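Working notes for the structure below.
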Amino acid sequence: MNPLNHVAIIMDGNGRWGLKNKKSRNAGHKAGLKTVEKIIKESLKNKVKHLTLYAFSTENWKRPKKEINFLFNLLENFLQNRINELHKQDIKLKIIGVKNFSSKLNKLLNSSEKKTSKNKKLQINLALNYGSKFELINAFKDLHKNKDKISEKNFSKYLQTKNIPDPDILIRTGNTKRLSNFLLWQLAYAEIFFEKKLWPDFNERDYNKIIKNFRKIKRNFGNI
Ligand code: IPE
Ligand code: IPE
Ligand code: MG
């Protein structure tokens with residue numbers, strides 16, 4: 001049985017779900033947040049140590065302003081209402097990506113990270129304004145600036161995922177098979193599960209099924 005430390009998820013399909021069920025993409029984002037809560041709970045039950053959630057990519061700024069504002073308001077409300085509860089559950093929040101949002105949201109993100117920084121049970125890495133190519137370019141620059149020896153280990157130190165083990169599982173919902181600039185370095189040996197369901201329809205059973213299947217996979221890492 002494979003040990004499971006880290007699950008990374010590309011939470012895709014909110015917009016399509018919203019249009020289909022409520023005639024608005026934003027309604028899909030709201031519904032998607034309920035799935036986030038379910039998956040956090042289920043991750044605790046499964047003793048997952050790291051849950052990385054792709055919430056907003058560097059490319060998502062191309063979307064209409066109305067949708068972007070809705071997404072960040074949703075996040076702001078979620079943190080305001082839920083951070084104490086997450087803290088009580090011994091959950092640590094870490095943002096990966098560049099925090100260049102409104103000063104109110106930046107402050108809230110920083111204070112949420114600080115408040116939960118000593119927590120141990122589960123680390124949620126929230127990928128916000130995250131892009132893997134941007135992350136890699138910056139890591140190269142920093143490595144060069146510090147005149148560090150080029151090695152995998154040194155390079156990893158300059159990534160935003162420093163101190164986070166590589167994902168064991170990548171899940172992408174929403175019936176699309178691509179990585180969309182997510183953790184290109186870190187996913188080198190992840191087991192990948194593409195899910196037909198849209199993110200708001202994804203549930204505990206789907207998640208547990210994936211974990212169960214993952215446990216049985218023969219992971220070679222190049223060996224036989
Ligand atoms: C993913 O759902 C969530 C974000 C990118 C914020 P989408 O909004 O991409 O949903 P679809 O893919 O358009 O259905
Ligand atoms: C990936 O989904 C980003 C997030 C889930 C946050 P997108 O819906 O933005 O990806 P593309 O543009 O379809 O590849
Ligand atoms: Mg999408």
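What net charge do the residues around Asn46 carry, taking every other residue with its C-beta under 11 Å from that of Asn46, with Lys and Arg at +1 and Asp and Glu at -1?
Summing Lys and Arg as +1 and Asp and Glu as -1 gives +4.
Can you give me the Cα centroid spacing of the range 158-224 and the range 39-70 in angstrom?
So the separation of the two Cα centres works out to 14 Å.
Let's see if you can work this out: charge +1 on each Lys and Arg Cβ, -1 on each Asp and Glu Cβ, no other charges. What is the dipole magnitude of the chain about its Cα centre, in debye to the nearest 20?
Rounded to the nearest 20 debye, it is 280 debye.
Which order do Trp61, Trp17 take when ranked by solvent-accessible area (1.4 Å probe, heavy atoms of all protein chains), largest first?
Largest accessible area first, the list is Trp61, Trp17.
Report the residue, chosen from Phe56, Phe182, Phe101, that carries the largest GNM mean-square fluctuation when the chain is represented by alpha-carbon nodes joined by springs under 10 Å.
Result: Phe101 has the largest fluctuation of those listed.
Specify whether the C-alpha gyration tensor of the range 16-111 places it in the rounded, prolate or oblate class, a ≥ b ≥ c being the square roots of the eigenvalues: rounded for a/c under 1.5, otherwise prolate if a/b is larger than b/c and oblate if not.
Since a/c reaches 1.5 but b/c is at least a/b, the shape of the range 16-111 is classed as oblate.
Is the C-alpha gyration tensor of the range 167-224 telling us rounded, prolate or oblate? Criteria: a/c under 1.5 is rounded; beyond that, a/b larger than b/c is prolate, otherwise oblate.
The shape class here is oblate.
With a 1.4 Å probe and all protein chains kept in place, how do Lys45, Lys147 rank by accessible area, largest first?
In descending accessible area the options line up as Lys147, Lys45.
Which of rounded, prolate or oblate describes the range 77-224 when judged by the alpha-carbon gyration tensor and an a/c cut-off of 1.5?
oblate
Students sometimes get this wrong: rank His87, His6 by accessible area, probe 1.4 Å, all chains present, largest first.
Ranking His87, His6 by accessible area, largest first, yields His87, His6.
Along the charge dipole of the chain, Cβ charges K/R +1 and D/E -1, which of Val36, Ile192, Tyr130 sits furthest on the positive end?
Of the options given, the answer is Val36.
The values are calculated or read from the model by the stated rules, or taken from the named source; none is laboratory data. If you're wondering where the values come from, they're calculated on a predicted model, not measured in any experiment. Virtual Cβ from ideal backbone geometry, glycine too; neighbours counted across all protein chains shown. Just so you know, the surface numbers come from the protein's heavy atoms only, side chains and all, with ligands and any DNA or RNA stripped out. Shrake-Rupley method; radii C 1.70, N 1.55, O 1.52, S 1.80 Å.
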